[in-house]
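Note sheet for the following structure.
The values are calculated or read from the model by the stated rules, or taken from the named source; none is laboratory data. Computed from a predicted model, the values in this text were never measured in an experiment. Note: ideal-geometry Cβ built from the backbone for every residue, glycine included; neighbour counts use all protein chains shown. What goes into the accessible areas is simple: the full protein's heavy atoms, side chains included, and nothing from ligands, DNA or RNA. Shrake-Rupley method; radii C 1.70, N 1.55, O 1.52, S 1.80 Å.
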Amino acid sequence: MSGTLQRMGWAIAVALSSLIAGGTRGCISSAHAAPVPLVRSVGCVAITVSDADRSLHFYSSVLGFAKVAEVEQAGDGVEQLAAVSGARTRTLRLKLGRECLDLTEYLAPPGGRAVPDDSRSNDRWFQHAAIVVSDMDRAYAVLRQARVEHASTSPQRLPDWNPNAAGIRAFYFRDPDRHVLEVLQFPPGKGEARWQETDRLFLGIDHTAIVVEDTQASLRFYRDTLGLRPAGSSENWGSEQERLNNVAGAHLRITTLRASTGPGVELLEYLTPRDGRPFPTDARANDLFHWHTTLFTSDLSRATETLRAAHARFVSPGAVTLPGPKLGYSRALHVRDPDGHALQVVSE
């Protein structure tokens, strides 16, 4: 009898040990699980335009974008989100490949400020969208025929001494409202496989780029607070970079961040020259130098709390509900990053 009891005691002890170990492993696994990123995807890149129909003609006839939606909005939600009293907006959504642009014209109030005539690529209000092309020479010919305003001297091939950028060809130009755009051609082995397709000239948007004062401060915001993941970095300088950016002595630290889907967000820190001007503190969403990047979250309440805790500068009073018709989301908040670039964090 005592032997039986002894065997039962060992069995119970082993079972308890297994349960405790399993529970401990569960606790350890839970404690070390990666936090769910605040941002799950990057959506459309948005710009304010003076004449949506004129911009539509340019983006569709020159760059191959297709209009997929048109929405006119007004009311408390729109005014609160943009922080523009009496706002009535007309937004055209254009698609190229998997990515999209939102072109927003303020029907009221009119008179948003234009892009400053003396803007340079190292001013911190600088932002661009990088459109991938299958053939840079053909793309440049199309742009010349459309008589675009050059922001670069000409298409530049980044040098072979820079392994992260070697062989990439790029060119900056301006749209009818003088927003800077980039066309970009990746050599084989760089960028996503789809950027090697040859059936179309203009393929999609790889990233939006913003000028920042301090990469580390921007990483604390975009990586640590929003949850975007670093996807590559390089330092670029030399005559090709100077002609691309049209900034003498340009020496850039470039850091790319991405969510699970959507275009990347590229941080451009000018190590030299350091004379780029700060973002105007009185910038408004109806100014024509306004851009914003749309970021999708699964939990807008959590996003609001997290951004407040990070001392982000809110443009909207918080998350607001938008009137119909919709652009793929019903609630949104509007904040600015450490340098003043605008972001709309949204949820369905």
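Points worth noting:
- PRO338 being at pLDDT 95 or above, surrounded by fewer than 17 Cβ atoms within 10 Å (Cβ to Cβ) and not aromatic (Phe, Trp, Tyr): no
- Test: ILE205 is open to solvent by 10 Å² or more (accessible area, probe 1.4 Å) and at pLDDT 95 or above: no
- Single match in ARG174, ARG194, ARG200 (criterion: within 21 Å of THR256 (Cβ to Cβ) and basic (Lys, Arg)): ARG194
- Within the stretch 206-232, the set of residues being touching a strand residue (DSSP E or B) at 6+ places or on another chain (Cβ under 8 Å) and of a type in the set (A, V, I, L, M) comprises ALA209, ILE210, VAL211, VAL212, LEU219, LEU226, LEU228, ALA231.
- Counting only residues that are out of contact with any Lys or Arg (no Cβ under 7 Å at 6 or more places or on another chain) and either part of a strand (DSSP E or B) or open to solvent by less than 10 Å² (accessible area, probe 1.4 Å) (or both), the stretch 185-197 holds 1 of them.
- Restricting SER41, SER85, SER121, SER50 to those that are open to solvent by 50 Å² or more (accessible area, probe 1.4 Å) and either touching a residue at least 40 places away in the same chain (Cβ under 8 Å) or in contact with a Ser or Thr (Cβ under 8 Å, 6 or more places away or on another chain) (or both) reduces the list to SER50.
- Whichever residue in the stretch 208-233 is under 12 Å from LEU268 (Cα atoms) and part of a strand (DSSP E or B) and, among such residues, is most open to solvent (accessible area, probe 1.4 Å): SER233
- All of ARG200, ARG147, ARG178 fail the test of being closer than 28 Å to LEU103 by Cβ, open to solvent by 30 Å² or more (accessible area, probe 1.4 Å) and touching a strand residue (DSSP E or B) at 6+ places or on another chain (Cβ under 8 Å), apart from ARG178.
- Looking across LEU343, LEU295, one residue alone is under 26 Å from SER233 (Cβ atoms), out of contact with any His (no Cβ under 8 Å at 6 or more places or on another chain), of a type outside the set (Val, Ile, Thr) and open to solvent by less than 10 Å² (accessible area, probe 1.4 Å). It is LEU295.
- The set of residues in the stretch 124-144 that are over 24 Å from ARG274 (Cα atoms) and either surrounded by 18 or more Cβ atoms within 10 Å (Cβ to Cβ) or touching a residue at least 40 places away in the same chain (Cβ under 8 Å) (or both) comprises ILE131, VAL132, VAL133, SER134, ASP135, MET136, ARG138, ALA139, TYR140, VAL142, LEU143.
- All positions within the stretch 298-325 that are within 21 Å of ASP224 (Cα to Cα), polar (S, T, N, Q) and open to solvent by less than 10 Å² (accessible area, probe 1.4 Å): none
- If the condition is being more than 15 Å from ASN246 (Cβ to Cβ), among the acidic types (Asp, Glu) and in contact (Cβ under 8 Å) with a residue 40 or more places away in the chain, then the stretch 157-193 contributes ASP175, ASP177.
- Per-region count, the stretch 13-58, residues modelled with pLDDT of 50 or more and part of a helix (DSSP H, G or I): 7
- Residue within the stretch 93-115 that is in contact with a Pro (Cβ under 7 Å, 6 or more places away or on another chain) and closer than 27 Å to THR294 by Cα present: yes
- Scanning the stretch 265-278 for residues that are of a type in the set (Val, Ile, Thr) and either within 11 Å of LEU228 (Cβ to Cβ) or open to solvent by less than 10 Å² (accessible area, probe 1.4 Å) (or both) returns a single hit, VAL265.
- Among residues of the stretch 237-264 that are on the phi < 0 side of the Ramachandran plot and open to solvent by 50 Å² or more (accessible area, probe 1.4 Å), those with a beta-carbon under 7 Å from a residue that is assigned to a helix (DSSP H, G or I) and not hydroxyl-bearing (Ser, Thr, Tyr) at least six positions away or on a different chain give the pairs ALA248/GLU242.
- For the stretch 88-103, a residue qualifies if it is farther than 25 Å from GLN196 by Cα and open to solvent by 20 Å² or more (accessible area, probe 1.4 Å), and the qualifying residues are ARG88, ARG90, ARG93.
- Here GLY328 passes the criteria (1) crowded, with 20+ Cβ neighbours inside 10 Å; (2) part of a loop (DSSP other than H, G, I, E, B) except the one numbered (1).
- Test: residue in the stretch 150-171 that is of a type in the set (A, V, I, L, M), buried (at least 19 other Cβ atoms within 10 Å of the Cβ) and modelled with pLDDT under 95: yes
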